[in-house]
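*Asks:* Can you read through this structure? Questions will come right after.
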Amino acid sequence: MGLVTQCLIPITNLIIMSLLVVDKLMRKQGLDFSLDGISFKLERGERLALTGATGSGKSTILRIAAGLLQADAGSVWFEGKRVPGPEEKLMPGHPGVAYLSQHFELRKNYRVGDELEAWSKLTVAETLRICEICRVGHLLKRMTHELSGGERQRVALARALLTDPRLLMLDEPYSNLDAVHKQVMQDVIEDISATLGITCMKVLHDGADVLSWASRVIVMRDGRIVQEGDPGFVYYQPVDEYVAGLLGYYSMLDAEKLAGSIEWSATGPGIVLVRPGSVAIVDAGRGDADGRVTEIRFLGSHHRVSVMTPAGKVSLHAIRPDVELGETVGLLFRRDELCHV
């Protein structure tokens with residue numbers, strides 16, 4: 001067996017076994033941005049979130065994977081078959097993949113029912129079921145231009161599902177929604193996974209949305225994957241401050257000063273990233289370090305308490321903190337949730 005054939009075996013097996021395989025994608029856009037050899041896979045039933053700063057390449061990856069944008073190099077495989085780009089076929093896209101952009105459009109001056117019927121590949125009963133799952137069954141007689149933003153988005157989602165996809169790609173599905181419509185949309189997506197069994201992949205920018213939904217996270221920066229893993233690992237063990245900041249609030253402590261007050265495996269200079277849930281307030285002298293309370297802020301479901309220590313300021317969450325500004329308190333750290341970078 002030749003060396004070339006041997007090298008092809010792993011990716012061939014991966015293509016056959018996985019729902020979606022993205023292999024060494026490259027695309028240059030303008031003078032300052034390019035995708036740089038992006039590779040990952042998506043299994044059936046997995047919840048994959050792509051996150052990163054604006055312009056990091058998340059939406060570009062989704063559009064290439066859906067067959068809507070041509071890559072300069074690399075390939076995408078869906079259910080074992082290569083996904084052609086728009087330069088290779090008359091009608092862009094893949095019939096097994098539904099892609100909903102944050103800039104979706106509905107035809108104006110059409111009844112919702114007529115708009116959905118024009119796209120449906122399903123029976124009448126199946127179409128009505130999709131409408132109920134997407135909470136748009138009561139809107140079928142309304143005109144598309146009469147809908148609110150949240151209603152329009154759910155209609156667009158129903159329209160995508162009526163093409164009978166096996167994979168649903170959502171690009172920033174909550175970016176233009178208020179809190180009420182966002183919750184409805186989140187419930188709809190949960191029902192889609194639970195009742196229809198459609199695998200879902202999302203581009204998300206809010207850390208709370210990523211952590212509460214995804215089973216795996218890919219973090220992008222400047223066209224490259226900088227970290228990948230399950231949400232808990234990426235949250236507590238980010239590779240750097242960029243990743244840490246994307247997924248939520250954190251404190252930075254001087255590693256050497258912190259090591260001087262607690263027994264901990266990490267050594268050497270640098271900083272320690274501490275999540276608010278990784279530290280608790282105890283009586284002064286009873287924890288790992290003492291500090292002075294400098295801030296108590298009510299955030300609705302909890303308070304954020306900031307404590308200044310010799311290693312730096314630590315912010316933590318408490319439901320009903322029994323402390324006062326200026327008070328000296330002790331802090332107790334969860335060692336396995338500290339990250340030395």
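*Asks:* On the basis of being farther than 21 Å from Asp230 by Cβ and modelled with pLDDT of 95 or more, does Leu68 make the cut?
*Replies:* yes
*Asks:* Out of contact with any Lys or Arg (no Cβ under 8 Å at 6 or more places or on another chain) and not in a loop (DSSP other than H, G, I, E, B): is that true of Glu228 in this structure? Break it down into steps so the answer makes sense when it comes.
*Replies:* Working: out of contact with any Lys or Arg (no Cβ under 8 Å at 6 or more places or on another chain): no; not in a loop (DSSP other than H, G, I, E, B): yes.
Criteria not met by Glu228.
*Asks:* With the structure loaded, tell me whether Leu147 is within 29 Å of the chain's Cα centre (by Cα), over 30 Å from Leu25 (Cα atoms) and open to solvent by less than 70 Å² (accessible area, probe 1.4 Å) or whether it fails that test. Explain how you work it out, then say what you get.
*Replies:* Values: within 29 Å of the chain's Cα centre (by Cα): yes; over 30 Å from Leu25 (Cα atoms): yes; open to solvent by less than 70 Å² (accessible area, probe 1.4 Å): yes.
It is true that Leu147 is within 29 Å of the chain's Cα centre (by Cα), over 30 Å from Leu25 (Cα atoms) and open to solvent by less than 70 Å² (accessible area, probe 1.4 Å).
*Asks:* Related question: Of all residues being open to solvent by 50 Å² or more (accessible area, probe 1.4 Å) and among the aliphatic types (A, V, I, L, M) in segment 167-184, which is farthest from the chain's Cα centre (by Cα)? Just the residue, please.
*Replies:* Val180
*Asks:* Could you please find all residues in segment 115-126 being assigned to a helix (DSSP H, G or I) and open to solvent by 80 Å² or more (accessible area, probe 1.4 Å)?
*Replies:* Glu117, Trp119, Val124, Glu126
*Asks:* May I ask you to list the residues in segment 103-120 that are of a type outside the set (D, E, K, R) and out of contact with any helix residue (DSSP H, G or I) (no Cβ under 8 Å at 6 or more places or on another chain)?
*Replies:* His103, Gly113, Ala118
*Asks:* Quick one: in segment 127-144, which of the residues that are surrounded by 15 or more Cβ atoms within 10 Å (Cβ to Cβ) and not hydrophobic (A, V, I, L, M, F, W, C) is nearest to Asp187 (Cα to Cα)?
*Replies:* Within segment 127-144, the match that is nearest to Asp187 (Cα to Cα) is Arg135.
*Asks:* A follow-up question, please. Which is in a loop (DSSP other than H, G, I, E, B) and open to solvent by 40 Å² or more (accessible area, probe 1.4 Å), of Asp164, Asp191, Asp187?
*Replies:* Asp164
*Asks:* Sticking with this structure for a sec: Looking for whichever is of a type in the set (Val, Ile, Thr), in contact with a helix residue (DSSP H, G or I) (Cβ under 7 Å, 6 or more places away or on another chain) and in a strand (DSSP E or B) here; the options are Val210, Val219. Which one fits? So that I can check it myself, show each step before the final result.
*Replies:* Values: Val210 fails: in a strand (DSSP E or B).
Just one listed residue meets the conditions, Val219.
*Asks:* Oh, and also: If you take just the strands (runs of 3 or more DSSP E) that sit entirely in segment 243-314, which of them hold at least 3 residues that are without any contact (Cβ under 8 Å) to a residue 40 or more places away in the chain and surrounded by 14 or more Cβ atoms within 10 Å (Cβ to Cβ)? Explain how you work it out, then say what you get.
*Replies:* Values: elements: 251-254, 271-274, 279-282, 289-298, 303-309.
By residue number, 289-298, 303-309.
*Asks:* Check Trp213, Trp264 and return the single one that is at pLDDT 95 or above and of a type in the set (Phe, Trp, Tyr).
*Replies:* The unique qualifying residue is Trp213.
*Asks:* Just the residues that are under 16 Å from Tyr249 (Cα atoms) and open to solvent by 50 Å² or more (accessible area, probe 1.4 Å), please, taken from segment 315-330.
*Replies:* Across segment 315-330, the qualifying residue is only His317.
*Asks:* Could you check segment 194-214 and list, in sequence order, the residues that are surrounded by fewer than 16 Cβ atoms within 10 Å (Cβ to Cβ) and over 24 Å from Ile130 (Cβ atoms)?
*Replies:* Those that are surrounded by fewer than 16 Cβ atoms within 10 Å (Cβ to Cβ) and over 24 Å from Ile130 (Cβ atoms): Ala208, Ser212.
*Asks:* Right, another one. Just need a number here: residues in segment 194-211 that are more than 16 Å from Leu170 (Cα to Cα) and of a type in the set (Ser, Thr, Tyr).
*Replies:* Residues flagged as more than 16 Å from Leu170 (Cα to Cα) and of a type in the set (Ser, Thr, Tyr) within segment 194-211 amount to 1.
The values are calculated or read from the model by the stated rules, or taken from the named source; none is laboratory data. These figures come from a predicted structure and were not determined experimentally. With ideal geometry, Cβ positions are generated from the backbone for all residues, glycine too; neighbour counts draw on all protein chains shown. Just the protein is used for accessible areas: all its heavy atoms, side chains included, with ligands, DNA and RNA removed. Shrake-Rupley method; radii C 1.70, N 1.55, O 1.52, S 1.80 Å.
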